[in-house]
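What follows is a set of notes on a single structure, which appears directly below.
What follows is calculated from the coordinates using simple rules that are stated; it is not laboratory data. A quick note: this is a predicted structure, and the numbers were derived from the prediction, not measured.
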Amino acid sequence: MSIDNVNSDNHFRMNLEQTIINQDNCQLPVELKHYPVIYPQMVQWGEMDALNHLNNVVYYRYAESARISYLQTLGLFDGSAMLLAQSSCQYLRPVTYPDNLLIGVRCQRLGNTSIILEYSYYSCTQHAIVATAEAVIVRLDGNSEHKLPWTEEERTRLFAFEAQKGHVPKS
């Protein structure tokens, strides 16, 4: 997959992002300018907890959707198994319904068989980063038995993709 194909990625996601931005009068925030994938997420009323704010588990579901979008955009969600080895989330501000989030996703570090992704959750209502998160993904072969290294072509593609937004992951 070429970098041109990566740039043309998922039209639905881009249209939803534009809808959220227009609907909330939410500009693409400067805080997310170095994130090559910005995943739009509408907060649903049913995701609130007893304290009337977004339940902590929901942030992990949002991160999963954003992660899959990132990997699909790069053509890395290809049938090889991806094992979530570790994840964490830091809650900075409570999120309440109604709100729309823009979730920036980028590679923090690309290892031999792993990738560390970082996320920033931007609230269009609060005009602020409301949470940050990190996930370690280990790539496995099709049988999920052995770690599968990233190819040189995949590494080159990922670094070129990240560089478009002025970000250089560690390796």
For segment 26-144, go through all pairs of different Cα atoms, get the mean of 1/r, take its inverse, and jot down that Kirkwood value in Å. 14.8
Going Cα to Cα from LYS147, which lysines come in below 28 Å? Please leave out same-chain ones fewer than 8 positions away. LYS170
Segment 88-160: Rg/Rh from Cα coordinates, Kirkwood Rh? 1.13
